[in-house]
Amino acid sequence: MAESLSYRLPRSVVPHHYHLEFWPDLSQDRFSGKSDVTIDVVERVQEFVLNGAGIEVDSATLELAQGRVLSAEVTYHAAEEQVVLTWPEFVESGTYHLLMNFTGALAEDLRGFYRTTVTAADGSRLVIASTQCESTDARRVFPGWDEPDFKATFSITLTVDAGLTALSNGQEISNVDDGTGKRRVSFAKTIPMSTYLVALVVGPFVLTEPVMVDKVAVRIAARADLAHLTDLAQESAEATLRFFQEYFGIAYPGEKIDHVAIPEFAAGAMENLGCVTYRENALLIDRQRSSPMEQMRVVTVIAHETAHMWFGDLVTMRWWNGLWLNEAFATFMELLAADALHPEWDVWTTFGPGRAYALSVDGLASTRPIEFPVGPPSEAAAMFDVLTYEKGGAVLRALEQYLGPEVFRRGIGRYLKKHRYGNTETADLWDALEEESGQPVRTVMDSWVVQRGYPMVRVAWDKQAKILRVHQEPFRYLGSAEGIWRIPLVIGIGRPSGQSESRRVLLDENPLEMSLPEDTEYVLVNQGGWGFYRVAYDRALWDRLLAGRSQFSALERLGLVDDAFAAVLADQLPLDQAVRLWRTFPGETDPDVWSALYRQLTVLNQIGDEDDRAAVRAFSVKIAAPLLNELGFDAKAGENVRKRRLRALVVRLLGVIGEDPSVREQAHQRLRGHFAKSEAISPDLLPAIVEVVAASADAKDWENFYHQFKAASNPQDETRYLYALAEFRQPELIQRTLDLYQSPEVKIQDGILAISRALSNRYARQLTWDLVEASWQKFLDKYPHQMMQYLVQPIGLITEDGLAERTVQWIDDHPIEEVGRQMAQAKEFQTIHRQLAKRLKGRIAEILDA
Ligand code: BES
Ligand code: ZN
């Protein structure tokens, strides 16, 4: 702890207002800056300790009374990312102006104030400078108090080349010639906000005409080549802003929001107050040429960042241990808004697989609680994971359903109003929700938020006694775990003639007995599918569930499929019981339930030998082919989104896992027509077709895909073909793909993600891993370290002797601070899958065939 504390700033000096001025020099890859910070010295001190990293503070002076000025001696504590200003005398408590001059580099490192270079369609080279400050990189942009609870107001000025656009958090208030032909652009003072939200953007951007939502101007910014792809973003930015103003009952705290597409971007998007930044493919999209999932992604990302304007920007966690107060809420709110705007998408069901992924990670010994102690910056970075986002979002959804949506909404509004412009702990949230609901929110939620893992609820039916017995135990794939959860159970009891009855009860450490009507047809625990837990049924209940499943919602069915396979992985259920459920899939109509199965078949496919894989192929065709026959390859008029997504999934399953020759032939033929522009493939189906073709492609296809990547007219097509090159199966083509992935033709933001795809491809993983080992240091130099998690994740599915041990040995010998937990998790997944492989050795074919 002492070591962690050395990263924290003393509270003896507190900033109130930053006046920041920047001169970025895009041709020299440098910037200089000047600050005038209004501070309160609360305690007589001779030293100010601030954050600063990778910047030089050329001068620091303090204005005293009667025009006296002190100059500080500046020392750097590089390891702690701190700058210490030592004054020639003690500074008495009071309010002062601290003036500093500083300089820094604009590197292409995707953090702090960084540079992006991109070649435009006309061959010209564009240079953009922009910031990414979260979690702890504002200190690379200016010297300051870079911890989330040092909130201050900001007045920012940027001096840039004439012809370039400059954006920041506030509204532009002046734009004048600085006397040297450059433009000096000043922005309005912000509300009090945390340093990690500071935004600077400079470059050749085209902006949409502002549209007013109440008193807020909304614009989208993109480089000229992509400026025609902003309409979905514009519409969604307006609609989500309107939605949240109403939902929270609080006006947006500013005069404008710009949503800016940055060509190189480490994360997906960043919620800088009033100046939200994105990867291009998370904001810009061609509605006519994109799939439902791609459009959903754009809308949900915009909704997510817009929700942050309240959750995160207006009210902020006190410290990074409470990151879930930002990210879990934004995840929950993004779905709430997307569901309101596009009910036909059924986004809560589409969240099912994301939640299932959280359940899988949270079933590991190497999981962590949602709230978790954070010391140094690398630990803050490590908090941005599936436990914060998906588990956090899921437990909030469960809470919302438990309290009722309206009570929940009012509780949230109360919390935001009480703490606006301030910082909070999780307890503040529980207080507000308890006040509004009168329910024991804190006791219920503590078990989900401060305790890691989750329970398996076991149910058994004592038919003689007409009693249902229910109890909980911790779920863990390997070994045992401890914990007791307060579980708001919803139990559905199926009665004859399709009726069902719901019973609600809070399950704690005490087992529960519940009388059941004699004519009970089935019992479904976790009715509605909101609870963050798994359910294990006794054999009699399982038999009846299989019979009754057509009456369940898609989310409930997804839960059954996911829980059953998790129990198989944990060696608690024989595979043949899960396969009984799989056999009902020709009648399954939901794409997200199919995608859960797709994932499970992928696991079997990865761990099995050649005979097993042949059986997985045959099984996939057996369950999916009848459905494709019924659906047809082409959409029918008036089909809804989910039907169209279903078709795409079934095609993918048949073509990629099933290796169905007729589907592959169809896919090749259609893609040829698409490339020749003679017959365009419907965007619903294009992603699936591209994947099917990649899995059965030759050298000519490689050339075609490469060409499509280079000539792509929108960001979705660009990444689609780039990543599809990872799915090829012949060694010489994989080698070409890997060469491409390391070349400057691939953006820094995409490199690791692309290599990760290749590592997930069982035909490519040996070659890819060779490359990973050989290039490890180069990768560390080139890519943001947090992105290395994507290289580590696929290790979880590598089970073959030799390569499996090698990957584990390597990550043991090459730890990366930001990715330590993900490394442990990947190793544990690998063990789980290897043990499954051992248990099933030589039996998969027999089980699937039975
Ligand atoms: N605050 C994050 C961005 C971020 C992520 C900053 C990691 C620093 C480290 C942002 O709000 C976010 O959550 N972005 C997501 C997209 C979102 C729709 C889930 C992302 O970047 O993946
Ligand atoms: Zn977020």
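The values are calculated or read from the model by the stated rules, or taken from the named source; none is laboratory data. What you see is a predicted model, and the numbers here were worked out from it, not measured in a lab. Virtual Cβ from ideal backbone geometry, glycine too; neighbours counted across all protein chains shown.
What the table below lists for this structure:
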quantity	calculated
Residue in segment 618-660 that is modelled with the lowest pLDDT, counting only those that are over 21 Å from THR349 (Cα atoms) and of a type in the set (Lys, Arg)	LYS636
Members of segment 733-755 found to be part of a helix (DSSP H, G or I) and among the charged types (D, E, K, R), listed by number	ARG736, ASP739, ASP750
Output for segment 105-124, where each listed residue is more than 25 Å from SER713 (Cβ to Cβ) and among the hydroxyl-bearing types (Ser, Thr, Tyr)	TYR114
Of all residues making up segment 218-231, the number that are under 18 Å from CYS275 (Cα atoms) and of a type in the set (A, V, I, L, M)	5
Segment 194-215, residues that are out of contact with any strand residue (DSSP E or B) (no Cβ under 7 Å at 6 or more places or on another chain) and touching a residue at least 40 places away in the same chain (Cβ under 8 Å)	TYR196, LEU197, LYS215
Test for ALA237: is it buried (at least 20 other Cβ atoms within 10 Å of the Cβ) and either within 23 Å of GLU327 (Cβ to Cβ) or within 13 Å of ligand 1 (Cβ to nearest atom) (or both)	yes
Strands (runs of 3 or more DSSP E) within segment 477-593 that include 3 or more residues closer than 26 Å to PRO353 by Cβ and within 32 Å of the chain's Cα centre (by Cα)	487-495, 534-537
Filter result for the condition that a residue is within 16 Å of ligand 1 (Cβ to nearest atom), assigned to a loop (DSSP other than H, G, I, E, B), among the aromatic types (Phe, Trp, Tyr) and closer than 30 Å to GLU238 by Cβ, over PHE372, PHE384	PHE384
Residue in segment 173-182 that is more than 16 Å from ligand 1 (Cβ to nearest atom), more than 26 Å from GLU56 (Cβ to Cβ) and in contact (Cβ under 8 Å) with a residue 40 or more places away in the chain present	no
Condition broken by ASP611, with the remaining ones in (1) surrounded by fewer than 18 Cβ atoms within 10 Å (Cβ to Cβ); (2) within 32 Å of the chain's Cα centre (by Cα); (3) modelled with pLDDT under 95; (4) not in a loop (DSSP other than H, G, I, E, B) satisfied	(2)
Pair list, Cβ under 6 Å, 6 or more apart: segment 301-314 residue closer than 23 Å to THR153 by Cβ and modelled with pLDDT of 95 or more, other residue within 10 Å of ligand 1 (Cβ to nearest atom) and in a loop (DSSP other than H, G, I, E, B)	GLU305/GLU271; HIS308/GLU271; GLY312/GLU271
Contacts under 6 angstrom Cβ, first residue in segment 320-332 being outside any helix (DSSP H, G or I) and more than 7 Å from ligand 1 (Cβ to nearest atom), partner modelled with pLDDT of 95 or more and of a type outside the set (A, V, I, L, M), 6 or more apart	LEU323/THR388
Residue count for segment 738-774, restricted to those that are over 23 Å from LEU110 (Cα atoms), surrounded by fewer than 18 Cβ atoms within 10 Å (Cβ to Cβ) and either within 23 Å of the chain's Cα centre (by Cα) or polar (S, T, N, Q) (or both)	1
Residue match in segment 379-400 (condition: farther than 30 Å from GLU556 by Cα and in contact with a Gly (Cβ under 8 Å, 6 or more places away or on another chain))	yes
Members of segment 92-136 that are among the acidic types (Asp, Glu) and more than 16 Å from ligand 2 (Cβ to nearest atom)	GLU92, GLU108, ASP109, ASP122
Test: residue in segment 272-290 that is under 15 Å from the mean Cα position of the chain (by Cα), within 14 Å of ligand 2 (Cβ to nearest atom), in a helix (DSSP H, G or I) and within 17 Å of PHE205 (Cβ to Cβ)	yes
Residue in segment 203-221 that is part of a loop (DSSP other than H, G, I, E, B) and surrounded by 24 or more Cβ atoms within 10 Å (Cβ to Cβ) present	no
Residue list for segment 183-193, restricted to those being crowded, with 20+ Cβ neighbours inside 10 Å and either touching a helix residue (DSSP H, G or I) at 6+ places or on another chain (Cβ under 7 Å) or touching a residue at least 40 places away in the same chain (Cβ under 8 Å) (or both)	THR190, MET193
Flag for THR117 being over 29 Å from the mean Cα position of the chain (by Cα), at pLDDT 95 or above, of a type in the set (Ser, Thr, Tyr) and surrounded by fewer than 18 Cβ atoms within 10 Å (Cβ to Cβ)	no
Single condition VAL298 does not satisfy, out of (1) under 14 Å from the mean Cα position of the chain (by Cα); (2) closer than 20 Å to VAL206 by Cβ; (3) within 13 Å of ligand 2 (Cβ to nearest atom); (4) hydrophobic (A, V, I, L, M, F, W, C)	(3)
Restricting segment 429-459 to residues that are surrounded by 17 or more Cβ atoms within 10 Å (Cβ to Cβ) and of a type in the set (Ser, Thr, Tyr), the residue that is farthest from the chain's Cα centre (by Cα)	SER437
Of all residues in segment 301-333 being among the hydroxyl-bearing types (Ser, Thr, Tyr) and within 11 Å of ligand 2 (Cβ to nearest atom), the one that is surrounded by the most Cβ atoms within 10 Å (Cβ to Cβ)	THR306
Residues located in segment 348-358, provided they are surrounded by fewer than 22 Cβ atoms within 10 Å (Cβ to Cβ) and away from ligand 1 (no atom under 12 Å from the Cβ)	TRP348, THR349, PRO353, TYR357
So ARG410, is it of a type in the set (D, E, K, R), farther than 30 Å from GLU521 by Cβ and surrounded by 18 or more Cβ atoms within 10 Å (Cβ to Cβ)	yes
Options GLU390, GLU379, GLU371; residue that is within 15 Å of ligand 2 (Cβ to nearest atom) and among the acidic types (Asp, Glu)	GLU390
Segment 286-319, subset of a type in the set (Asp, Glu) and closer than 23 Å to SER135 by Cβ, residue farthest from ligand 1 (Cβ to nearest atom)	ASP313
Wholly enclosed strands (runs of 3 or more DSSP E) of segment 1-114 bearing at least 3 residues at pLDDT 95 or above and surrounded by 17 or more Cβ atoms within 10 Å (Cβ to Cβ)	13-25, 30-41, 45-51, 55-63, 82-91, 94-105
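Residue-by-condition table, conditions (1) out of contact with any Phe, Trp or Tyr (no Cβ under 6 Å at 6 or more places or on another chain); (2) among the aromatic types (Phe, Trp, Tyr):
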position	(1), (2)
LYS417	yes, no
TYR421	yes, yes
GLN439	yes, no
VAL444	yes, no
VAL450	yes, no
VAL457	no, no
GLN472	yes, no
TYR477	yes, yes
GLU482	yes, no
